[in-house]
Amino acid sequence: MTGLLIQLSTSLAAILAAFWLARHLQLGGDLRIRGEAEARALADNAICGFEAIDLAIDRAGIGALLRDAEGRVLLLRRHGAHFASRLLDSHAGIRLDRNFLTLATNDRHFGEVTLDLGPQAQVWAASLRHLSGHGDQA
């Protein structure tokens, strides 16, 4: 009986230690884009020197679309505990459904993302029609 109690106490201590370590290292949690400044910083981290002149952030903060002065469009999306990005150069795979813009890339690892952009969804969908390439790039 004493051995079982010691084993239980040790297991509980290990679980609490793992929880404390995860909290201390800020692992997991609710990763969201909290504003324009954060979206711009994420874009610059993805592509050094990318300066957005226009952007739209998903209402839930799970992704964003950013356009620079050269007309390049960067898609940011939450991917696990980080944000992933892709430059879009084609309007293929882009669907509009009222306030929701669904974007699919040729990168199967990146997948498809649906952003709730509100009234901006229609504006972005129209502007993305100018992308005429045949794929996307990292």
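Every number in this text was worked out from the coordinates using simple rules, so none of it is lab data. Note that the structure is predicted; figures quoted are calculated from it, not measured. Note: ideal-geometry Cβ built from the backbone for every residue, glycine included; neighbour counts use all protein chains shown.
Numbers at a glance
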| item | result |
| --- | --- |
| Relative contact order computed over the chain (Cα-Cα under 8 Å; 6+ residues apart), in percent | 18 percent |
| Helical contribution to [θ] at 222 nm, DSSP H n ≥ 4, -39,500 (n - 2.57), averaged over the chain, rounded to 500 | -10000 deg cm²/dmol |
| Estimated inter-spin distance, residue 79 and residue 12, nm [label 7 Å along Cα→Cβ] | 4.2 nm |
| Cα pair distances of the chain binned at 10 Å [whole percent] | 11, 36, 25, 10, 9, 6, 2, 0 |
| Full-extension gain in nm, residue 19 to residue 98, via 0.36 nm per residue minus C-alpha separation | 24.3 nm |
| Most fluctuating residue given options 34, 78, 108, as computed from a GNM of the chain linking Cα atoms under 10 Å | 108 |
| HN-Hα J in Hz across region 52-63 - Karplus 6.51, -1.76, 1.60, θ = phi - 60°, x for Gly and Pro | 6, 9, 9, 8, 9, 10, 4, 4, 8, x, 8, x |
| Highest-MSF residue in the chain out of 90, 11, 127 [GNM, Cα springs under 10 Å] | 11 |
| Using alpha-carbon coordinates, inclination of helix 2-24 to the longest axis of the chain, degrees | 30 degrees |
| 3J(HN,Hα) from dihedral phi, region 77-90, Karplus parametrisation 6.51/-1.76/1.60, rounded to Hz, x for glycine, proline | 8, 5, 9, x, 9, 9, 10, 10, 9, 8, 7, 9, 9, 8 |
